[in-house]
Amino acid sequence: MQAAIPYRFRRELPPGALGVAMNIPTLLTLALVLAYPIYYAAYLSFHKVSLAELRRGIFPFVGLANYQRIFEDRLFLLALKNTLIFTAFSVTVEIVLAIAIALLIDQKHVWTSRITKFLILVPYAVPPIAGGLIWSFIYSFEYGFLNRILFTTGLSNSAVNWAGEPATALFAVAIPYIWRTLPFAILLLHAALQGINQELYEAASVDGAGAVQRFWHITLPLLRPIIVVILVLRTSFAFAVFDEVLAITQGGPGDATWVASWYSYKKGFSPPFDIGVGAASAYVLAIIIGLLAIAYVGLIYRRTQ
Amino acid sequence: MRPSRWTRVALHLANLAVIGFFLLPLIAVTFAALQSEKSLHADTRGLWPPEWTLDNFRVILSGGAQRGKVFEQATYLPDNIKKFHYALINSTVISVSVTLLTLIFASLTAHTVVRLRARWVMWLLGANVFARFVPVIVLMIPLYVVFRQMGMLNSVWGVIIAETGFLLPYGILILVPYFATIPQELDDAARIDGCSRFSAFLRVTLPLSTPGLASYGAIVFVIAWNDLLIPLILNNRAEFMTLPVMIASLVGDVFAFFNLTMAICLIALAPTVILVLLLRRFVVQGLSAGAVKG
């Protein structure tokens, strides 16, 4: 590339050395914050690490004992199950809603669509922990905003404990999560809609296709690649949900909303500070998400070919 | 094609429902933040408080020194409220530093990816795509142990380093496609005029990439400001808390009633919501670039 230019400067680094020099800050930071911790998490997961060991600085090797412990722990298996239910529910609802809203804000003849489009990013900007706490006020049994709406509009006369019922608590956590992550999915779908050739719709209309048929036979097939990307991205992030659980239920009622991240956090950072077990459980989560990431990279690679 | 009248009415209603869903938490937080605990208790069914007050903000922003009418009789305020200004300053310092550091580091790397195309640089890019998927909790357990051994727990710097590392891959993925749109010929022209490779980067690529840098800067600022898990695990002393950690510390505190916690949430969400609405176009561009290309 640069070979075409004959000029050389006396005090200039050759391109290869300059490339290394320019990457030093990134490489150092990534090594310290990403590469080493990923290795070290694996190391910790094979050792006994709790408060006493942290104080002494010696971590005895225990082999697979930490992994054995979490797979024998009913709570960990429950957390995995809850995470799966949470992810399946939130990602499905999110994608259906996102497609509908992306189509809605694409309506150029409807002036309210422009307001929606303007406000789309608001949930994205709200700190998840603040959003979660606000939703817990909305859900509140005694003072909650949702019950107030139901009373005022006359839809119901008895208070509902939205986040306090074990059967529905997981979904009460999922709604705020969907609320927060919806903007991202809508944006990607809306951008993809702009890329669809309008002549396709006109040709279909001439052939007598109704709006529903145009959606099923033109829009949806053309959106499929981006839907798959959203599916993989959102699934892997939903697996690691944390903030909403902390803000709304702290794992409760009972253990109804224990999810994988919450399990690792509680094991590692609350008494008896079993960091080895926390690391092992986090590693299991990372491996599940890593498999999803491989699928994602494969998809992107196929798309750009 | 102009939709029929009834279709348009239906679409207006659909928009109303979506706007209502998106704004519901903002309405709820404002509702609770602008009244006293007493009036929240007095009327638990209505949507319009009998009286509005700014006392919640007064007590928070003064760190509990000015109590106003609402907190006159309060014998106990959560300890962390008294250190609210620390959280506000820490959040600002951390988010601004993380934004600047990641912008510098990521643009240096993105430039080498676009102009150098050496095998190891492409490998680095691939590693970044993977790194985006690593859940924070996996990194935080080992980082806690390492930072503890290095004495970096409870410091602003520890959080800045951890967040910079965590957000860097995302930035590289956003900036690479942007830098790739800048024609190589401009670089070449600058070199003929006597620029070294590095100063061509400083004087040509960077100024032309302002929109890309703004997109990424806004997104990083929002993520850093909003992040909970990293500062929650690294910093537990009130002097080093960020706003999200302070909010998390009030969850389950029986003395922090909704009027107070909602006022804090409103203060915490205002900067990012305003920033995102102001820089809407850039944020939209950055979010789609970081997800699709890379």
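Looking at the stretch B:88-100, is at least one residue within 13 Å of another protein chain (Cβ to nearest Cβ) and closer than 15 Å to B:Leu260 by Cα? So far as the stretch B:88-100 goes, no, none of its residues is within 13 Å of another protein chain (Cβ to nearest Cβ) and closer than 15 Å to B:Leu260 by Cα. Checking each residue in the stretch A:58-74 for being among the small types (Gly, Ala, Ser) and more than 21 Å from A:Tyr265 (Cβ to Cβ) picks out only A:Gly63.
Restricted to helices (runs of 4 or more DSSP H) entirely inside the stretch B:1-81, those with at least 2 residues that are out of contact with any Phe, Trp or Tyr (no Cβ under 7 Å at 6 or more places or on another chain) and under 23 Å from B:Met241 (Cβ atoms) are B:5-33, B:55-61. All of (1) modelled with pLDDT under 90; (2) at positive phi hold for B:Asn154 with one exception: (1). Please indicate, with yes or no, whether at least one residue in the stretch A:151-170 is of a type in the set (Ser, Thr, Tyr) and touching a residue at least 24 places away in the same chain (Cβ under 8 Å). No, that holds for no residue.
Within the stretch B:267-291, residues that are basic (Lys, Arg) reach partners that are not in a helix (DSSP H, G or I) with beta carbons closer than 7 Å, at six or more positions or on different chains, in the pairs B:Arg280/A:Leu121. Of all the numbered requirements in (1) surrounded by 13 or more Cβ atoms within 10 Å (Cβ to Cβ); (2) on the phi > 0 side of the Ramachandran plot, A:Leu104 misses one, and that requirement is (2).
Flag not set for B:Thr242, criterion: among the polar types (S, T, N, Q) and within 8 Å of another protein chain (Cβ to nearest Cβ). Exactly one residue out of A:Gly252, A:Gly268 is surrounded by 24 or more Cβ atoms within 10 Å (Cβ to Cβ) and either at the interface with chain B (Cβ under 9 Å from one of its Cβ atoms) or not in a helix (DSSP H, G or I) (or both), and it is A:Gly268.
Among the residues of the stretch A:207-249 satisfying the criterion of being acidic (Asp, Glu) and modelled with pLDDT of 90 or more, which is surrounded by the fewest Cβ atoms within 10 Å (Cβ to Cβ)? Restricting to residues being acidic (Asp, Glu) and modelled with pLDDT of 90 or more, the top hit is A:Asp243. Given the structure, is B:Leu213 more than 7 Å from chain A (Cβ to nearest Cβ), out of contact with any strand residue (DSSP E or B) (no Cβ under 9 Å at 6 or more places or on another chain) and modelled with pLDDT of 85 or more? It is true that B:Leu213 is more than 7 Å from chain A (Cβ to nearest Cβ), out of contact with any strand residue (DSSP E or B) (no Cβ under 9 Å at 6 or more places or on another chain) and modelled with pLDDT of 85 or more. Just checking, does the stretch A:40-53 include any residue being in contact with a Ser or Thr (Cβ under 6 Å, 6 or more places away or on another chain) and not in a loop (DSSP other than H, G, I, E, B)? Within the stretch A:40-53, none of the residues are in contact with a Ser or Thr (Cβ under 6 Å, 6 or more places away or on another chain) and not in a loop (DSSP other than H, G, I, E, B). When residues in the stretch A:89-129 are screened for being part of a helix (DSSP H, G or I), facing chain B (nearest Cβ under 7 Å), in contact (Cβ under 8 Å) with a residue 60 or more places away in the chain and within 26 Å of B:Ala224 (Cβ to Cβ), 5 of them pass.
Scanning the stretch A:130-182 for residues that are under 23 Å from B:Asp227 (Cβ atoms), β-branched (Val, Ile, Thr) and more than 7 Å from chain B (Cβ to nearest Cβ) returns A:Val173, A:Ile175, A:Ile178, A:Thr181.
If the condition is being buried (at least 22 other Cβ atoms within 10 Å of the Cβ) and of a type in the set (A, V, I, L, M), then the stretch A:171-187 contributes A:Ala172, A:Val173, A:Ala174, A:Ile178, A:Leu182, A:Ala185, A:Ile186, A:Leu187. Only one of A:Ala279, A:Ala286 is more than 18 Å from the chain's Cα centre (by Cα) and part of a helix (DSSP H, G or I); which? Just one listed residue meets the conditions, A:Ala279. The set of residues in the stretch B:245-255 being in contact (Cβ under 8 Å) with a residue 12 or more places away in the chain, of a type outside the set (Phe, Trp, Tyr) and either out of contact with any Pro (no Cβ under 7 Å at 6 or more places or on another chain) or more than 10 Å from chain A (Cβ to nearest Cβ) (or both) consists of B:Met246, B:Ile247, B:Ala248, B:Ser249, B:Asp253.
A:Phe237 satisfies every condition listed in (1) under 19 Å from the mean Cα position of the chain (by Cα); (2) assigned to a loop (DSSP other than H, G, I, E, B); (3) of a type outside the set (Ser, Thr, Tyr) except (2).
The values are calculated or read from the model by the stated rules, or taken from the named source; none is laboratory data. Keep in mind it's a predicted model, so treat the numbers as computed, not measured. Cβ atoms come from the backbone with ideal geometry, glycine included; neighbour counts cover every protein chain shown.
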